[in-house]
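To keep things clear, I will list the structure first and then write my remarks on it.
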Amino acid sequence: MKMFLCLIPWTFLCCCCWITHAEIFSSIGQMTDLLYTEKELVHSLREYIKAEESKLAEVKSWAKKLDDQTKVSTSDPEGFLAHPVNAYKLMKRLNTEWSQLENLVLQNPSDGFISNMTLHRQFFPDKDDETGAAKALMRLQDTYRLDSEVFSKGKLPGMHSNAMLSVDDCFDMGKTAYNDADYYHAVLWLQQSLKQLDAGEEVVVSKADILDYLSYSVYQMGDLSRAVELTRRLVAIDPSHQRAGGNLRYFERLLMKQQNEEEEKKTDQPASEEPIHLGTYNRPLDQLPERDIYEALCRGEGVKMTEARQSRLFCRYQDGRRNPRLLLKPMMEEDEWDSPHIVRYLHALSDYEIKKIKEMAKPRLARATVRDPKTGVLTTANYRVSKSAWLEEEDGPVIARVNQRIQDITGLTVDTAELLQVANYGVGGQYEPHFDFSRMSDVEAGGATVFPDFGAVIQPKKGTAVFWYNLFKSGEGDYRTRHAACPVLVGSKWVSNKWIHERGQEFRRPCGLTEVD
């Protein structure tokens, strides 16, 4: 006899923690440690400066004393040495005192600072982290349709700050995109760099370097007339530039092929010195089919919550089917969406629990991984930018208490569930549309969880938990639950997730009669 077992759907619970405005490390939680490290290094640097100044003052004192002596001794050398005391002191100075001065000069007050630097350098971000942070800004720029100038002046939604990008910062952003063959963003940031340079900002990078990268990036975007104009400006600034002359002749030949005689005359005009305005090029398509819908929802556009649907949403007190632990203090439950049914539990985590969970997770945070669909191997991916840690009940009573609460409010056993996952999203942290996953928490701007299939946006809120089933009772996947975590624009997002597996739920959530029950 064969026994048929109807698999109960995976269930998902997301408990959302929040951190005040506080990837590189893709984790604000770990980046805060770097601020204190930098503060310590600044203190060490000042101590080194004091030591150098003290040493230099002592050397100056030696120099003045010896200078005074040599002026007297060399005015009448034989007469000076005729006195036996002077002869003795000369021998002593050359044999002893100059050796002391030599030892003083050879002393290196930087040893302490260098030692401190060496100790902390192992925790510093590397080139890949810097590149990742630059790409995070570009990701935010795309998702929230922010102009490069908005970033350079620090004008972000939900944030008033004097954090600004210099000409050199903008140039480095553009060069990062350029090195990645991302000429769309290269143009945006190199143009901003040139605009700020032309406005008179002090810079390290040369105008010729900006024009060199920008002209080729513009060419790659198919704007030959702009490429010719920019290259002419480059030649005018640096006639001996290694590539500019050859590029100009090449661009002009290509331009002549696609212009008529009247337009060809424009190529004989001198290069314009007017500031280059931001171009409007189309962003190249990528592999994500619902990119436009996903990003629109992140911006709060295209949400499909009509008044009729809104009227079907309610709030209630949840006692877990008269669960003894919830009878005296039931959980407040709010409907977030009607179909598929998504609910939010208020005050799912206390401030104390949030604090303890973060304390336990912070030292364990590592770059979050995804399972490669082809190999089944866990690996990092550009579409999931966060750091995560896994906590078990043995780590502390708070974890056991949270697991019990999850079981009480869902009515499902957590005996076969996965460990509690804690994730922290940093600058631009995101997770693109996917199944069986979610991220939420209070942040100042961005960071919502969106469902492109049915146009839902679930905003992060401190201490709350959001719950839904991602499979039907029949065990068939509910593909409507494909969802994404929007990039964090301002702030830091901490979340705690719990996956409850189907095994053990046979009598808690019985199978339905149809595939979509």
Can you tell me which residues in the range 244-282 are surrounded by 13 or more Cβ atoms within 10 Å (Cβ to Cβ) and modelled with pLDDT of 55 or more? ALA244, GLY245, ASN247, LEU248, TYR250, PHE251, GLU252, LEU254, LEU255, MET256, GLN259, TYR281
Here is a check on your reading of the model: is LEU188 within 26 Å of ARG299 (Cα to Cα), surrounded by fewer than 23 Cβ atoms within 10 Å (Cβ to Cβ) and at pLDDT below 95? no
Could you check the range 278-327 and list, in sequence order, the residues that are under 26 Å from the mean Cα position of the chain (by Cα) and polar (S, T, N, Q)? THR280, ASN282, GLN287
Could you give every pair whose Cβ atoms fall below 6 Å, whose first residue belongs to the range 39-62 and is in a helix (DSSP H, G or I) and among the acidic types (Asp, Glu), and whose second residue is at pLDDT below 90 and surrounded by 13 or more Cβ atoms within 10 Å (Cβ to Cβ), counting only separations of at least 6 or pairs across chains? GLU52/PRO109
Does any residue of the range 315-333 turn out to be open to solvent by less than 40 Å² (accessible area, probe 1.4 Å), in contact with a Gly (Cβ under 9 Å, 6 or more places away or on another chain) and closer than 27 Å to GLY477 by Cα? yes
Scanning the range 284-308 for residues that are charged (D, E, K, R) and surrounded by fewer than 15 Cβ atoms within 10 Å (Cβ to Cβ), which turns out modelled with the lowest pLDDT? ASP286
For ARG325, are the conditions met, namely being of a type in the set (D, E, K, R), at pLDDT 90 or above and under 19 Å from ASN497 (Cα atoms)? no
Could you please find all residues in the range 477-498 being among the basic types (Lys, Arg) and either out of contact with any helix residue (DSSP H, G or I) (no Cβ under 7 Å at 6 or more places or on another chain) or at pLDDT below 80 (or both)? ARG480, ARG482, LYS493
Do the conditions hold for GLN100, that is, is it open to solvent by 30 Å² or more (accessible area, probe 1.4 Å), of a type outside the set (Phe, Trp, Tyr) and at pLDDT 85 or above? yes
Looking at (1) over 30 Å from ARG232 (Cα atoms); (2) assigned to a loop (DSSP other than H, G, I, E, B); (3) in contact with a Lys or Arg (Cβ under 9 Å, 6 or more places away or on another chain), which is the only condition ASP142 fails? (2)
Flag if SER474 is in a loop (DSSP other than H, G, I, E, B), at pLDDT 75 or above and polar (S, T, N, Q): yes
Quick one: in the range 129-180, which of the residues that are of a type in the set (A, V, I, L, M, F, W, C) and modelled with pLDDT under 80 is most open to solvent (accessible area, probe 1.4 Å)? ALA163
Pull out all pairs, ordered by first then second residue, where Cβ-Cβ is under 7 Å, the residues are six or more apart or on different chains, the first lies in the range 170-189 and is part of a helix (DSSP H, G or I), and the second is among the aromatic types (Phe, Trp, Tyr) and open to solvent by 30 Å² or more (accessible area, probe 1.4 Å). GLY174/TYR213; LYS175/TYR213; TYR178/TYR213; TYR184/TYR281; ALA186/TYR178; ALA186/TYR213; VAL187/TYR281
Could you go through the range 313-324 and let me know if any residue there is outside any loop (DSSP other than H, G, I, E, B) and either over 22 Å from ILE458 (Cβ atoms) or among the small types (Gly, Ala, Ser) (or both). yes
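The values are calculated or read from the model by the stated rules, or taken from the named source; none is laboratory data. Worth saying up front: this structure is predicted, and the values here are computed from it rather than measured. FYI the Cβ positions are ideal-geometry reconstructions off the backbone, even for glycines, and counts take in every protein chain you see. Surface accessibility is based on the protein's heavy atoms, side chains included, excluding ligands, DNA and RNA. Shrake-Rupley method; radii C 1.70, N 1.55, O 1.52, S 1.80 Å.
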